[in-house]
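First up is the structure itself, then whatever we jot down about it.
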Amino acid sequence: MPIYKEEKDGRTLYTVVASTRIKGVQVNRKRRNITSLAHAKRIEVDLRIELLKFKERPTRYKWNEWTTVCFDRMKIEFKNSTMKTYYGNLGKWVTPYFGEYYLDEITGSMIHDVIYNKIQKVGLDCRRTVLKQIKRIFTMAVDEGLLSRNPARPISVKVPEAKQLVLNRTEIDVLLYEAKLRNHPFYNHWALGLLTGMRNGELHALQWTDVDFENKVISVTKSWSIADGLGPTKSTKNRYVPISVELEMFLRNLKSKQLETNGMVLEQLDEWKDGAQAKVIKEFCREIGITPIKFHDLRATFITQMLIKGVPLAKVMTIVGHSTIKTTMRYLRLVAQDTQGATEALGITLPRDYETGNVVNLFQR
């Protein structure tokens, strides 16, 4: 049973992998991001015991039995808000139909029927989410050796890409100017979002101890949400946002004016804590006549402006904390929208051969 050692963000982390074969099928267990070797060794023992117990379990589970087992394991890894969606979606849409079926009795056509026929009065986004959750439950069964394949794997729900709104360079200036002029309570929040590309929850959790003026970086290590409170970032990985000259001036000025912040960089406004930040900025944008974005669109605006300025995709991906380069590449289409018409500034006019209504030989002397 190997214990792997790796370096991540200057920290030493360990991964424990355990495996055994049950009736000819390999069953795996893995625990990641363990912070000490001693703890890794204790987990190694726990996994050995878990695998021994697993051999004594029934070889067939009904859907409702298996989801209970899965939920108990997932609670260790997932946030409370994520678990609530599993409880709600599967409990409402899936378990009433699959509950008493054994896992190996559930077919792809049955899953397709639930997704496209049994689920009523919801959009494609919801159907896709439910399907994703079903796939995870069956994937866990495959990993346990209970099934040889995932019956939900061939099924898909195609959802039209939602329109992503961003501000162009002129609109950014208008937003910040008008917010500053009117002393809007969210001015600092919007400015910091545009200057860092940080997510709403990451801005909410940002403390002055995360701001390193000497090395000119912001450490993004945590996030806050109404459902889960304070926790890790969305990807569970830490990252660093470089502090530009403009951002440094903004932060130093902000810090000098604060009296009591409990160490928080941004004021914890009631509307922010209540989750109304998207509505606030959308209404303000409409009021001043610019694209009515939501709070999260500040992040998209940051990304597109970075790409327009020629910052490599890989660097943008690292700064904003995307898990894959594919996610960052989605914003290239928005860059094309933002730059539309920019070539008009070239001012080059080609000679015309149709101004007089006659055909002119441009090469005739």
*Which whole-number percent is the relative contact order of the chain (Cα, under 8 Å, 6+ apart)?*
12 percent
*With +1 on each Lys and Arg Cβ and -1 on each Asp and Glu Cβ, and nothing else charged, work out how big the dipole of region 28-145 is about its Cα centre, in Debye to the nearest 20.*
480 debye
*Compute the long axis of helix 80-89 from its Cα atoms, compare it with the longest principal axis of the Cα atoms of the chain, and write down the angle in degrees, 0 to 90, nearest 10.*
70 degrees
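At a Förster radius of 56 Å, what calculated FRET efficiency corresponds to the Cβ-Cβ distance of T68 and K309, to the nearest 0.05? Walk me through the numbers on the way to the answer.
Working: r = 51 Å, r/R0 = 0.92.
Calculated value: 0.65.
Based on Cβ point charges of +1 for Lys and Arg and -1 for Asp and Glu, what charge dipole magnitude is obtained for region 120-190 about its Cα centre, in debye rounded to the nearest 20?
Numbers: 13 positive and 7 negative charges, 72 e Å.
Once rounded to the nearest 20, the dipole reads 340 debye.
Restricting to DSSP H runs of at least four residues, report the calculated mean residue ellipticity at 222 nm for the chain, -39500 (n - 2.57) per run over all residues, nearest 500 deg cm²/dmol. Can you show the working numbers first?
Numbers: 16 runs with 164 residues, N = 365.
Calculated mean residue ellipticity at 222 nm is -13500 deg cm²/dmol.
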_Along the Cα→Cβ direction, 7 angstrom out, place labels at E161 and D9. What is the inter-label distance in nm?_
2.9 nm
*For K257 and Y187 in the same chain, what is the full-extension length gain: residue separation times 0.36 nm, less their Cα-Cα distance, in nm?*
23.8 nm
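How much of the accessible area of the chain, in percent, comes from carbon and sulfur atoms when a 1.4 Å probe is used? It would help to have the intermediate numbers written out before the result.
On the way: 11440 of 22190 Å².
The C+S portion of the solvent-accessible surface of the chain is 52 percent.
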_Listed values (1) 29.7; (2) 24.5; (3) 17.6, entry calculated as mean projected area of the Cα convex hull in nm²_ = (1)
*With springs connecting C-alpha atoms under 10 Å apart, model the chain as a Gaussian network and identify which of R127, R239, R182 has the largest mean-square fluctuation.*
R182
*Once a ≥ b ≥ c are taken as the square roots of the eigenvalues of the Cα gyration tensor of region 267-307, is the result rounded (a/c under 1.5), prolate (a/b larger than b/c) or oblate (a/b not larger than b/c)?*
oblate
*Using 1/(1 + (r/R0)^6) with R0 = 41 angstrom and r between the beta carbons of V335 and E77, what's the FRET efficiency to the nearest 0.05?*
0.70
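Which length gain, in nm to one decimal place, applies between T59 and V45 when the Cα-Cα distance is subtracted from 0.36 nm times their residue separation?
Values: separation 14, 0.36 × 14 = 5.04 nm, distance 2.35 nm.
Computed gain between T59 and V45 is 2.7 nm.
If we sort 201-209, 242-250 on the protection proxy, mean other Cβ atoms within 10 Å, highest first, what's the order?
Numbers: 201-209: 19.6, 242-250: 13.6.
Peptide ranking by packing, descending: 201-209, 242-250.
Only four residue types carry charge here, +1 at the Cβ of Lys and Arg and -1 at the Cβ of Asp and Glu. Report the dipole size of the chain about the Cα centre in Debye, rounded to the nearest 20. Each step should come with its number before you reach the end.
Numbers: 58 positive and 40 negative charges, 296 e Å.
Approximately 1420 debye in magnitude.
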*How far apart, in nm, are two points set 7 Å out from the Cα along the Cα-to-Cβ line at Y101 and at D270?*
5.1 nm
*Farthest toward the dipole's positive end in the chain, which of A276, N183, T107, given Cβ charges of +1 (Lys, Arg) and -1 (Asp, Glu) about the Cα centre?*
T107
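The values are calculated or read from the model by the stated rules, or taken from the named source; none is laboratory data. As the structure is a prediction and not an experimental result, all values here were calculated from the model. Positions of Cβ are backbone-derived with ideal geometry, glycine not excepted, and every protein chain shown enters the neighbour counts. These accessible areas exclude ligands, DNA and RNA; they are computed on the full protein's heavy atoms, side chains included. Shrake-Rupley method; radii C 1.70, N 1.55, O 1.52, S 1.80 Å.
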